[in-house]
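J.: One structure coming up, written as structure tokens, with questions to follow.
The values are calculated or read from the model by the stated rules, or taken from the named source; none is laboratory data. Please read all numbers here as calculations on a predicted model, not as lab measurements. Quick reminder, even Gly has a Cβ in these numbers, built from the backbone with ideal geometry, and neighbours come from all protein chains shown. Quick note on the areas: whole protein, heavy atoms, side chains included, nothing else; ligands and nucleic acids left out. Shrake-Rupley method; radii C 1.70, N 1.55, O 1.52, S 1.80 Å.
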Amino acid sequence: MSTARSSKLPLELVEMIVSYLIYDKRSLLACSKTCYLWYLAAVPHLHHSLTTDDHNHRSKKYAWPAPLHRSYNLGLLPFVKRFRIRMGNYDEFTPGWLGIRTMRRFSALTNLQELGIDNLQVSKFMPRIRRSFGHFSPTLRFLALKEPKGSSRQILYFIGLFPNLQDLKLHYDFPKDEKESTADATLIPLSIPPLRGRLTLTCFTREKLVRDMIALFGGLRFSRMEVFRVECVQLLLNACAETLETLRLYPTDEYGEEFLNRRRNEA
């Protein structure tokens with residue numbers, strides 16, 4: 001098909017054609033170079049995801065906040081739907097990472113649907129955490145936190161910033177037997193997210209966080225649950241008894257095996 005003819009196709013038809021290529025970056029790049037109409041159809045898929053990676057210190061190209069600044073300068077941040085902030089094992093994501101210039105770029109992520117952050121120090125963002133993340137409130141649907149730091153109330157307050165949140169993932173590298181912080185014990189989330197999608201918990205031992213979530217959010221309504229090395233499986237199942245459709249456990253999970261053995265004995 002010639003460039004002249006392809007440019008006369010309706011945009012809706014071009015978008016339909018390009019949608020079949022969303023996992024083929026090379027073809028998407030070729031489409032974006034065909035003409036302006038095809039560029040408009042391809043560019044949202046090309047820049048759907050953005051990652052900053054400080055875990056791999058050898059690559060400054062992806063280190064925070066280089067990808068954010070680069071996409072901002074090109075006017076591409078409104079196209080980003082998925083943003084992942086990867087941190088080194090000993091790094092912490094604190095307000096210091098969001099200077100005035102970087103915060104301006106961070107705020108340009110106006111259509112974000114999925115957000116993943118490693119080592120988020122929720123406690124250090126309090127009480128002004130809404131200033132840093134509140135602009136994600138209208139659109140965010142999926143939140144993944146790896147090794148988040150903060151009290152149960154602080155983490156739930158952060159989750160409550162997103163009134164349309166459906167999926168939640170909390171990941172810890174190893175089960176931790178730590179005393180639960182009582183900071184901001186009276187803090188109330190600003191909203192009650194629907195949370196009707198998937199809950200994923202890994203090496204999760206913070207039962208108080210789950211109990212506070214049930215109390216503050218008026219119960220849990222997840223339809224899918226994936227858990228590995230989670231101590232409070234029964235509590236989660238009881239909370240989601242009316243809505244849960246799928247539960248995924250792992251054969252090597254000592255907590256999951258213990259739970260299944262109890263259920264077999266009860267039967």
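J.: Looking at the range 1-13 only, could you name the residues that are open to solvent by less than 100 Å² (accessible area, probe 1.4 Å), outside any loop (DSSP other than H, G, I, E, B) and modelled with pLDDT under 80?
T.: THR3, ALA4, SER6, LEU11
J.: I'm trying to understand the selection: among the residues of the range 123-145, which are under 15 Å from the mean Cα position of the chain (by Cα) and farther than 19 Å from ASP54 by Cα?
T.: Across the range 123-145, the qualifying residues are PHE133, GLY134, HIS135, PHE136, SER137, PRO138, THR139, LEU140, ARG141, PHE142, LEU143.
J.: Just the residues that are in contact (Cβ under 8 Å) with a residue 24 or more places away in the chain and over 27 Å from LEU115 (Cβ atoms), please, taken from the range 18-53.
T.: Matches in the range 18-53: THR34, CYS35, TYR36, LEU37, TRP38.
J.: Considering the range 177-212 alone, what residues qualify as being touching a Pro at 6+ places or on another chain (Cβ under 9 Å) and either open to solvent by less than 20 Å² (accessible area, probe 1.4 Å) or closer than 18 Å to GLY160 by Cβ (or both)?
T.: Residues of the range 177-212 that are touching a Pro at 6+ places or on another chain (Cβ under 9 Å), as a first pass: 184, 187, 190-194, 203-205.
Selection gives ASP184, LEU187, LEU190, SER191, ILE192, PRO193, PRO194, CYS203, PHE204.
J.: Report yes if VAL210 is among the β-branched types (Val, Ile, Thr) and either modelled with pLDDT under 95 or over 28 Å from PRO138 (Cβ atoms) (or both), otherwise no.
T.: Details: among the β-branched types (Val, Ile, Thr): yes; either modelled with pLDDT under 95 or over 28 Å from PRO138 (Cβ atoms) (or both): no.
The answer is no for VAL210.
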